[in-house]
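A short reminder: the numbers here are calculations on the coordinates, not readings from a lab. Quick caveat: nothing in here was measured; it's all calculated off a predicted structure. Positions of Cβ are generated from backbone atoms using ideal geometry, with glycine treated the same way; all protein chains shown enter the neighbour counts.
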Amino acid sequence: MDDIDNQILSQLRHNVISKMRAYVDINNERLFSDYELSQLSKIEVSFLTKNSISRHGLTTNSDKSKKISPSNCKVRLNRKLFEQKYSLYAEFVLYHEYIHCLGNFSHDKNFRQLENLWPNIEKMSIFGRQLTRELQENNSQWAWTCSKCGFIVKRSTRKFRSNYFHKECLGKLENIPIIRPTSLEH
Ligand SMILES: [Zn+2]
Ligand SMILES: [Zn+2]
């Protein structure tokens, strides 16, 4: 990772942790302690590989034999989150990952309650669906299918531009995206 990447990631960490510092319960008690927040700020955050089609963010335990905790996890984020239009959503994704880092492995009720503290949560799910769609379109394979006999002539990572015909039956080829199922966010 270069300097710009590091700068972008450390700015994002800072923004998210600042927001988390402000959350209080009905008794005005902080939901995330200074200790927890300082632990979170030390967690390694990097990027998912380019080919990661469906994940927006991912938290894994570095030592698989032990439970996730701030000292036993790393976070990776999809690079597309750093496009301008996703800047607010990127914060939300890192917040989601931070909840995992604090030891909440599954998306249970407690997890969702914490997650729902984030402002504009409905807007966030719209961004999320938009990003998923974009990732799928950019990464989907195309099947060149004969419109006459249904034969799949070729699979390709790109659309063709001109008119192609199936040699055997002279049917016109159509281009159909193969949408792979999205793995669950985590
Ligand atoms: Zn054909
Ligand atoms: Zn998750």
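Couple of notes before you dig in:
- In order along region 70-85, the Karplus-derived 3J(HN,Hα) couplings, from 6.51 cos²θ - 1.76 cosθ + 1.60 at θ = phi - 60°, round to x, 8, 10, 6, 9, 10, 10, 10, 6, 4, 5, 4, 9, 6, 3, 5 Hz, and Gly and Pro are given as x.
- For region 16-61, the alpha-carbon radius of gyration amounts to 1.55 times the rule-of-thumb value 2.2 N^0.38 Å expected for a compact globular protein.
- Using only side-chain charges placed at the Cβ, +1 for Lys and Arg and -1 for Asp and Glu, the dipole size of the chain relative to its Cα centre rounds to 1020 debye.
- Partner lysines for K148 [C-alpha distance under 29 Å; skip if fewer than 8 residues away on the same chain]: K159, K167, K172
- Of the residues Y86, Y23, the one with the fewest other Cβ atoms within 10 Å heads the list, and the complete ranking is Y23, Y86.
- For a straight C-alpha distance cut-off of 28 angstrom, the lysines reachable from K64 (same-chain residues fewer than eight places away being disregarded) are K42, K50, K74, K80, K109.
- Rounded Å value of the spacing that divides the Cα centres of region 5-28 and region 87-125: 12
- Listed peptides 117-129, 10-22 by packing density, highest first (mean Cβ within 10 Å): 10-22, 117-129
- Computed on the Cα atoms alone, the convex hull of the chain gives a volume of 162 cubic angstrom per residue.
- Listed by chain and number, the aspartates and glutamates whose alpha-carbon sits under 17 Å from that of K154, ignoring those within fewer than 8 places in the same chain, are E168, E174.
- Theoretical ellipticity at 222 nm over the chain - DSSP helices of four or more residues, -39500 (n - 2.57) apiece, nearest 500: -11500 deg cm²/dmol
- For region 38-130: relative contact order, % (alpha-carbon pairs under 8 angstrom, 6 or more apart): 27
- Whole-Hz Karplus values for region 145-158 come out as 10, 6, 6, 8, 10, x, 5, 8, 7, 7, 10, 8, 8, 9 Hz, taken residue by residue from phi with 6.51 cos²θ - 1.76 cosθ + 1.60 and θ = phi - 60°; glycine and proline positions read x.
- Leading residue at positive end of dipole, the chain (Cβ point charges), from S71, I178, S54: I178
- Distances between placed amide hydrogens fall under 5 Å for E174 paired with T145, C146, S147, all partners being 5 or more residues away or on another chain.
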